[in-house]
Amino acid sequence: MNLLNKKRLVLLVILFITIGLFSLQQPSENSFRGDAVVSEPTAPEKGTRPLKSISDKFEKGETLSSIFKKYGMHTDDLFELKSAVASIQSLRDIKPGKPYSFTLNKDNYISSFTCGIDDDTILKIERVDGCFQAQKYNIPYETRILTIGGTIQNTLVSAFGNEREDYLLALQAADILAWDIDFNTDVRKGDTFRIIVEGLYSEGKFKKYGRILSIEFVNGSQTYNAYLFEQDGKTDYYNADGQSLRKAFLKAPLSFRRISSHFSRSRLHPILKVRRPHHGIDYVAATGTPVSTVADGRITFAGYKSGYGKIVIVNHANGYQTYYGHLSRIKSNIRPGKKVQQGDLIGNVGATGLATGPHLHFEMRQGGRAINPLAVKKVAGSPVPAAQMAEFKNTTQTMNNIYTVALFFDTNNTQRKNHSLQPALLYASLASSSPQGKFRKN
Ligand SMILES: [Zn+2]
């Protein structure tokens, strides 16, 4: 098991699941690759059949008009194209880097136009009987299953790698375990994680991650497991016993996701320290750090109270109350009587009232008495129903088999998204849902 001893291990593709979404009727050979391509087919063309195709990506600041100018296309085509599209898609907010392609006839009039709208959608416009017809298509991703592992050296985000997709995956993982782990303050150097996740591929290339199917997070001496399972058309995460991971109270009032998007990634240590000097918890954090309510409830107070400074108090079910003090700012719509949902933004960290420096004073009470917030672990989501337990156990068994047989390579290994191990073979053996004993450990 030398490989497993490596500090950071990464992935192995295990199974291929091909999801046939839409397939574009006529994907242009030249579309969506690299630099601008302008090609002149050699076969003779006539009428309105395409003579020329152009493929490129939207540059920063580039608009459809400037692209038309660049390639000498006709302004009447531009107007017609825009009006054909208007009802289904605004072309104004297409992000730089999105690919597009045109096919043109011999007079430089458009036969068809295709462009990427977002990560999931392609817009295609064709001239049919002289008129433009626009339609949106889902990008036909091929879904593969990836197994990714890592060890925390610094922050959760940095342990996942440097690309945008890695960052989004880290946030997805943090969201799944937000009721049990405060990723701002609980993670320690040496904590490890293993994730079984969908990888979405297009034309054989990794594009982005899909859903996390299962996660195992070792935080100090505690191991947390989550399994994705669908019931009544809704997917949710459960522990190995089929209990929902959702709890009445989030682990912390400082959401890892909110903080990650509030601060730049280069300074993802906005929370310096956690102190427990009295009944509550003090989070020493940068001024401005977003604060969110840990549970559904109703605001009972939002304003200034001596000592606490600017404070928000929320009433929850079963006589619970939570206090968020020393805020620099209370969100404008947070007023007494307003209903809030778990995770809603209520204000920002500050140092108002009796505070020596910026920190969030957080406390929880029940029936007026201060209680330890970390001791409240009321499960809020429904467990897997008995009728579906066998199916759920089958799911966890499949995931556990993957944990047993797969290599979870290091997150920083660039191969992890383009590995080409023999997924089909492994899938075949997993699909037969053999008992775990049949699999040999690598
Ligand atoms: Zn305090």
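The values are calculated or read from the model by the stated rules, or taken from the named source; none is laboratory data. These numbers were taken from a predicted model, which means no experiment stands behind them. Positions of Cβ are generated from backbone atoms using ideal geometry, with glycine treated the same way; all protein chains shown enter the neighbour counts.
The residues listed here are 304, 323, 238, 308; of these, the one that is under 20 Å from residue 171 (Cα atoms) and either of a type in the set (D, E, K, R) or touching a strand residue (DSSP E or B) at 6+ places or on another chain (Cβ under 9 Å) (or both) is 238. Listed by first and then second residue, the pairs linking a residue in the stretch 203-224 that is over 20 Å from residue 181 (Cβ atoms) to a residue that is of a type in the set (Ser, Thr, Tyr), with Cβ atoms under 7 Å apart and 6 or more places separating them unless they lie on different chains, are 207/141; 207/201; 210/143. The listed residues are 383, 336, and the only one of them that is assigned to a loop (DSSP other than H, G, I, E, B), closer than 24 Å to residue 179 by Cβ and modelled with pLDDT of 90 or more turns out to be 383. When 297, 288 are checked against the criterion of being more than 18 Å from residue 357 (Cβ to Cβ) and either away from the ligand (no atom under 16 Å from the Cβ) or touching a helix residue (DSSP H, G or I) at 6+ places or on another chain (Cβ under 7 Å) (or both), a single residue qualifies: 297. Pairs are defined by a Cβ separation below 7 Å, a sequence spacing of at least 6 or placement on different chains, a first member in the stretch 56-81 that is more than 15 Å from residue 111 (Cα to Cα), and a second member that is of a type outside the set (Lys, Arg) and in a helix (DSSP H, G or I); the pairs so defined are 64/78; 65/78. Applying the criterion of being assigned to a helix (DSSP H, G or I) and surrounded by fewer than 17 Cβ atoms within 10 Å (Cβ to Cβ) to the residues of the stretch 359-380, the residue that is farthest from the ligand (Cβ to nearest atom) is 375. Under the condition of being farther than 30 Å from residue 296 by Cβ and either surrounded by fewer than 17 Cβ atoms within 10 Å (Cβ to Cβ) or at pLDDT below 90 (or both), the residues counted in the stretch 167-197 number 3.
If you filter the stretch 282-301 down to residues that are among the hydroxyl-bearing types (Ser, Thr, Tyr) and within 12 Å of residue 346 (Cα to Cα), you find that the one that is surrounded by the fewest Cβ atoms within 10 Å (Cβ to Cβ) is 292.
Please verify whether residue 347 is away from the ligand (no atom under 12 Å from the Cβ), touching a residue at least 40 places away in the same chain (Cβ under 8 Å), in contact with a strand residue (DSSP E or B) (Cβ under 7 Å, 6 or more places away or on another chain) and assigned to a strand (DSSP E or B), treating the condition exactly as stated. When the stated conditions are applied, residue 347 passes them. Of the residues making up the stretch 395-416, one or more are among the polar types (S, T, N, Q), closer than 30 Å to residue 233 by Cα, at pLDDT below 90 and exposed (fewer than 15 other Cβ atoms within 10 Å of the Cβ). Under the condition of being surrounded by 21 or more Cβ atoms within 10 Å (Cβ to Cβ) and within 28 Å of residue 210 (Cα to Cα), the residues counted in the stretch 126-151 number 7.
Would you confirm, using the coordinates I've provided, whether residue 277 is without any contact (Cβ under 8 Å) to a residue 24 or more places away in the chain and within 14 Å of the ligand (Cβ to nearest atom)?
Details: without any contact (Cβ under 8 Å) to a residue 24 or more places away in the chain: yes; within 14 Å of the ligand (Cβ to nearest atom): yes.
So residue 277 passes the test.
Looking at 50, 41, 99, just one residue is exposed (fewer than 13 other Cβ atoms within 10 Å of the Cβ) and either modelled with pLDDT of 85 or more or not aliphatic (A, V, I, L, M) (or both), and that residue is 41. Residue check: residue 356 meets all listed conditions (1) away from the ligand (no atom under 16 Å from the Cβ); (2) outside any strand (DSSP E or B); (3) among the hydroxyl-bearing types (Ser, Thr, Tyr) but one, namely (1).
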